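Participant: Pasting in a structure now, in structure tokens, and then I'll have a few things to ask.
Here, each number is a calculation from the coordinates, and none is a lab measurement. Since this is a predicted model, take the numbers as computed values, not measurements. Don't worry about glycine lacking a Cβ; one is built from the backbone with ideal geometry, like all the others, and counts go over all protein chains shown.
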Amino acid sequence: MEKKLVVSSSPHLRAPETIQSIMFDVLTALFPAALAGVLLFGYSALITILLATFTAMLTEALVLRTRNIIGDGSAAVTGLLLALTLPPAPPWWLVVFGSVVAILIGKHVFGGLGSNLFNPALVGRAVLTVSWAGHMTAWAAPLDGVSAATPLAGGSASMLEMFTGTIPGSIGETSAAALLLGALWLFYKGLISWHIPVSYIATVFVMGAIQAGAGFAGPAEMLSQGLFHVLAGGLLLAAFFMATDMVTSPVTREGQVIFGAGIGIITMAIRFYGGYPEGVTFAILLMNGATPLIDNLTVPTKFGEVKA
Amino acid sequence: MAKTFKGGVHPGHFKSATAGKPIADANPPARVAVLMQQHIGAPCEPLVEVGDAVKVGQKVGDSQAFVSVPAHSSVSGKVVELRDYPHPVGRPARAVVIESDGQDTWHESVKANPPLEELSGDDIKKIIREAGIAGMGGATFPTHVKLSPPPEKPIDTVIINGSECEPFLTADHRLMLERPEAVVFGLKALMKVLGVEKGYIGVEDNKPDCVEALKKAAEGEPVEVKSFHTKYPQGAEKQLIYAFNGREVPSGGLPMDVGTVVQNAGTAVAIADAVRKGVPLLERIVTVTGPGVEAPANLRVKIGTMVSEVIAQCGGLKENARKVILGGPMMGLAQNTTEMPVIKGTSGILVLTDKEVHIHEIQPCIRCGRCVEVCPVSIMPLVIGSATEKGYPDKAEAYHAVDCIECGCCSYICPAKRPLTQWIRLSKGEILAKAKKK
Ligand code: SF4
Ligand code: SF4
């Protein structure tokens with residue numbers, strides 16, 4: 001009896017949550033957006049999603065030299081996220097290349113899970129955007145597949161269309177409704193807090209409205225311009241699923257607010273003045289790079305530090 | 001809204017197995033091993049020799065040092081051995097082993113004191129020291145030391161800590177329920193020592209029955225019972241004070257720095273028994289519980305009784321028992337043997353089974369921030385943990401490893417199952433050792 005007693009350090013209770021359960025919850029949260037993408041853009045979207053996800057998982061398993069292709073689930077999340085940022089019908093090699101880059105360069109060059117400075121899916125997307133701008137902006141109108149321009153690139157869209165997602169755009173970014181549904185799940189599961197999404201979205205909204213205001217628009221026009229910038233492009237997908245990536249965002253609440261606001265400002269600067277109509281990817285990557293600095297600046301005041 | 005502190009976790013209560021069970025007397029032990037070090041501070045020197053006859057309540061060990069308390073025999077009988085015994089919280093230590101004659105004859109030194117009104121504060125303090133009373137919540141800091149603040153630190157608040165925030169444990173719960181007047185009396189004795197007009201008792205709001213019983217016992221007394229939001233570690237001294245009066249005990253400081261003294265509910269009862277009846281600290285309530293015990297119970301156990309005997313009385317260990325913890329599941333220590341004596345700080349004997357005992361694979365930190373969120377002292381466990389893991393003691397120090405109260409919240413919550421508390425404790429120990437050398 002005595003022999004088999006286990007001695008380990010306290011605490012002897014552990015919360016049920018694990019990395020794997022977190023990744024699984026994120027995948028669940030992405031499901032509505034993925035489904036919306038398939039419904040809107042069809043068969044090619046489905047293939048793209050499966051291909052990107054599978055390639056990411058396989059690459060990770062190869063790097064880690066394991067037969068366990070599911071692993072902790074983080075590679076699947078990266079692959080799926082990347083797919084959701086791609087246009088509806090990219091060539092297969094583009095998808096594969098992006099996925100491999102995301103896992104290899106985005107993640108394992110830095111030391112693997114938890115050590116990567118930049119969001120791996122966005123690293124993949126950024127490389128693709130820079131290398132094959134044409135393929136990466138081959139938008140098609142949903143449901144009929146005719147090529148079309150996105151709202152940010154001057155295409156027309158009503159607010160309702162932007163909400164349901166029946167607008168041209170990347171596979172997983174067009175349907176605000178599906179994204180919000182997934183975001184609710186993340187909130188419910190405690191996997192994201194309001195700090196990053198709200199500070200990001202609020203900054204974008206305010207800057208969009210101010211820009212309209214600077215052009216002598218009335219209050220109604222300012223409101224709708226603000227809202228337009230929030231619903232357009234990959235902003236909601238980014239705000240709830242990319243910017244909130246735990247590994248690449250600050251750990252403290254104050255840091256997260258600074259981070260979100262920073263992404264908002266850079267996103268809008270790119271949208272207003274930059275060469276790309278969409279600024280989300282580079283905005284987040286830049287702020288990812290600033291995360292260690294933000295973490296250093298927002299070390300919490302320890303208990304008992306003040307008023308001796 | 002109930003008062004509380006920053007951070008903390010909700011690991012679940014697990015108290016229902018014993019919360020409804022009245023305190024029962026443990027079987028009288030045939031022999032006891034009274035450890036000479038049951039408190040923080042200088043160990044006792046044995047006052048008896050092998051062959052000596054001793055009686056219940058007789059002092060068998062004491063020390064000249066200020067930060068120390070004497071130890072007493074909990075049985076009458078004969079000293080049969082002076083030898084080292086495994087210690088619940090430290091290295092093996094000397095113990096006076098006494099074989100009981102089963103008579104439980106009281107020692108002459110045990111006699112009732114005059115009523116509280118006739119005792120001076122110093123009298124009470126002396127009674128408390130002589131009774132060997134040390135914090136019974138588990139920290140076992142000598143109580144009289146806490147009651148001796150330097151004159152420049154006046155005390156204006158005395159709090160009895162009845163939080164019992166550790167899951168599984170119900171010893172204080174039952175004690176407060178069954179002897180609320182003793183808790184109130186103990187508090188009044190403390191107030192008298194410190195010259196404080198009003199005292200407080202803090203209880204977590206998952207024990208409404210205690211709150212009610214204490215309120216009733218406190219009627220007409222200058223004592224207020226407050227209930228707190230149930231959250232671990234509500235009972236941590238500095239967190240309790242903060243929730244109580246918003247005062248932050250300075251880093252590295254003591255509760256007396258903010259004019260506050262906190263004593264555990266069990267300690268208050270021990271003080272009441274010492275002041276009223278002159279009975280030293282001879283026994284304590286131990287919650288014997290967990291899925292690995294056949295018949296969980298709250299037992300009144302004589303100090304020095306073997307843990308194995310106490311477990312045996314509760315039906316023994318189940319076949320699948322894997323871990324024996326003295327204390328609660330968050331801060332208690334896992335033991336490799338049950339052949340060790342119960343000491344003044346043994347609040348619980350918790351036995352976990354194969355089902356609860358997992359050997360977790362340590363995964364990389366995913367920077368989820370949960371550990372920072374739950375840390376009651378607002379330090380960054382992820383940074384200190386990694387610094388310790390990789391061997392950067394300076395970084396661990398810069399991120400305030402020494403402020404850690406070792407509550408276990410960070411390890412509990414970490415999805416990557418990183419042993420953060422363990423790492424931080426390690427760094428903390430090294431930093432403190434280094435500071436001492438300087
Ligand atoms: S809880 Fe664990 S995984 Fe999360 S930040 Fe802290 S150490 Fe890292
Ligand atoms: S760092 Fe220390 S005080 Fe903070 S949660 Fe971890 S164990 Fe508790």
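Participant: Going by C-beta contacts inside 10 Å, put A:Leu297, B:Leu382 in order with the fewest on the left.
Facilitator: In increasing order of surrounding Cβ atoms, one gets A:Leu297, B:Leu382.
Participant: Hey, what number do you get for chain A at 222 nm if only DSSP H runs of n ≥ 4 count, each worth -39500 (n - 2.57), divided across all residues, to the nearest 500?
Facilitator: Only helices count here, giving -18500 deg cm²/dmol.
Participant: Determine the shielding of peptide B:314-323 by partner chains: average, over its residues, the number of Cβ atoms on other chains within 10 angstrom of each Cβ.
Facilitator: 2
Participant: Of B:Ile128, A:Ile294, A:Tyr43, which is farthest on the positive side of the dipole of the protein assembly as shown, counting Cα position, with +1 on Lys and Arg Cβ, -1 on Asp and Glu Cβ, and the Cα centre as origin?
Facilitator: The listed residue farthest towards the positive side: A:Ile294.
Participant: Per residue of region B:333-340, in order, report the coupling 6.51 cos²θ - 1.76 cosθ + 1.60 (Karplus, θ = phi - 60°) as ³J(HN,Hα) in whole Hz, putting x for Gly and Pro.
Facilitator: 10, 6, 10, 9, 8, 10, 8, 9
Participant: Given N residues in region B:370-437, what is Rg(Cα) / (2.2 N^0.38 Å)?
Facilitator: Ratio of Rg to 2.2 N^0.38 Å for region B:370-437: 0.99.
Participant: Between A:Ala149 and A:Thr137, 0.36 nm times their residue separation minus their Cα-Cα distance comes to what?
Facilitator: This chain segment gains 3.4 nm when fully extended.
Participant: Next question, about the same structure. For A:Ser224, project a label point 7 Å along Cα to C-beta. Then give me every residue of region A:262-287 with its amide nitrogen under 13 Å of that point.
Facilitator: Zone members listed by number: none at all.
Participant: Further, regarding this structure: For region A:19-297, build the convex hull from the C-alpha positions and give me its volume per residue in Å³.
Facilitator: Enclosed volume per residue, from the Cα hull, is 116 Å³.
Participant: Related question: Let's test the formula: R0 of 56 Å, r as the Cβ-Cβ distance of B:Lys21 and A:Ala202. What FRET efficiency results, to the nearest 0.05?
Facilitator: Efficiency for this residue pair is about 0.55.
Participant: Run lengths n ≥ 4 of DSSP H only: what is the helix-derived mean residue ellipticity at 222 nm for chain B, with -39500 (n - 2.57) per run over all residues, to the nearest 500?
Facilitator: My calculation for chain B gives -8000 deg cm²/dmol from helical runs alone.
Participant: Among B:Pro381, B:Ala396, B:Leu426, whose Cα lies farthest out toward the positive end of the dipole of region B:370-437, if unit charges sit on the beta carbon of Lys, Arg (+1) and Asp, Glu (-1)?
Facilitator: Toward the positive end, the furthest listed residue is B:Leu426.
Participant: Separate question: Can you give me the Kirkwood hydrodynamic radius for region B:173-279, using every pair of distinct Cα atoms, in Å to one decimal?
Facilitator: Evaluated over region B:173-279, this radius sits at 14.2 Å.
Participant: Straight-line reach only, C-alpha to C-alpha below 18 angstrom: list the lysines that B:Lys277 could link to, leaving out same-chain residues fewer than 8 apart.
Facilitator: Cα-Cα hits under 18 Å: B:Lys55, B:Lys59, B:Lys111, B:Lys125, B:Lys126, B:Lys188, B:Lys192, B:Lys302.
Participant: Separate question: Computed FRET efficiency, Cβ-Cβ of B:Gln103 and B:Glu81, R0 30 Å: what is it to the nearest 0.05?
Facilitator: 0.90
Participant: Can you tell me the FRET efficiency between A:Ile69 and A:Lys189 if r is taken as the Cβ-Cβ distance and R0 is 35 Å, rounded to the nearest 0.05?
Facilitator: Between A:Ile69 and A:Lys189 the formula returns 0.90.
Participant: Now a separate question. In what sequence do A:Phe24, A:Phe205 fall when counting other Cβ within 10 Å, fewest first?
Facilitator: A:Phe24, A:Phe205
Participant: With θ set to phi - 60° and the Karplus curve 6.51 cos²θ - 1.76 cosθ + 1.60, what are the ³J(HN,Hα) couplings of region B:56-71 in order, to the nearest whole Hz, using x for Gly and Pro?
Facilitator: Running phi through 6.51 cos²θ - 1.76 cosθ + 1.60 with θ = phi - 60° gives 5, x, 6, 5, 10, x, 7, 9, 7, 5, 5, 8, 5, 9, x, 10 Hz.
Participant: Have a look at A:Thr59, A:Ile171, A:Ile263 and report the one farthest towards the positive end of the charge dipole of region A:19-297, computed about the Cα centre with Cβ charges (Lys/Arg +1, Asp/Glu -1).
Facilitator: Most positive-ward Cα: A:Thr59.
Participant: With 37 Å as the cut-off, how large is the P(r) tail for the protein assembly as shown, expressed as percent of Cα-Cα pairs?
Facilitator: 50
Participant: Mind checking the full-extension length gain between B:Lys111 and B:Thr337? Use 0.36 nm per residue of separation minus the Cα-Cα distance, one decimal, nm.
Facilitator: 77.6 nm
Participant: Moving on. Test of understanding: ordering B:Phe66, A:Phe118 by Cβ neighbours within 10 Å, fewest first, what list do you get?
Facilitator: Neighbour counts put them in this order, fewest first: B:Phe66, A:Phe118.
Participant: If you plug each phi of region B:293-305 into the Karplus form 6.51 cos²θ - 1.76 cosθ + 1.60 with θ = phi - 60°, what whole-Hz ³J(HN,Hα) values come out, in order, with x for Gly and Pro?
Facilitator: Values per residue, Gly and Pro as x: 10, 5, 10, x, 7, 9, 10, 8, 10, 6, 4, x, 5 Hz.
Participant: Straight distance only, please: which aspartates and glutamates reach the Cα of B:Lys344 with their own Cα at less than 18 Å, same-chain residues fewer than 8 apart left out?
Facilitator: Answer for B:Lys344, where 18 Å is the Cα cut-off: B:Asp25, B:Glu45, B:Asp62, B:Asp84, B:Glu130, B:Glu164, B:Glu166, B:Asp172, B:Asp273, B:Glu283, B:Glu309, listed by chain and number.
Participant: I would also like to ask the following. Show the residues, 5+ positions off or on another chain, whose built amide H is closer than 5 Å to the amide H of B:Ala134.
Facilitator: Distant-sequence amide H within range of B:Ala134: B:Thr143.
Participant: Related question: If a cysteine in the protein assembly as shown has no other Cys Cβ under 4.7 Å from its own Cβ, put it on the list, ordered by number.
Facilitator: So far as the 4.7 Å Cβ criterion goes, B:Cys44, B:Cys165, B:Cys210, B:Cys314, B:Cys365, B:Cys368, B:Cys375, B:Cys404, B:Cys407, B:Cys409, B:Cys414 stand without a partner in the protein assembly as shown.
Participant: Another question, if that's okay. Skipping prolines and chain starts, which residues have an amide H placed within reach, meaning under 5 Å, of the one on B:Ser347, given they are 5 or more residues away or on another chain?
Facilitator: The list, which skips near neighbours in sequence, is B:Gly327.
Participant: Only bridges whose two residues both fall in the protein assembly as shown count here: according to DSSP, what percent of them are antiparallel, nearest 5?
Facilitator: In the protein assembly as shown, approximately 60 percent of DSSP beta bridges are antiparallel ones.
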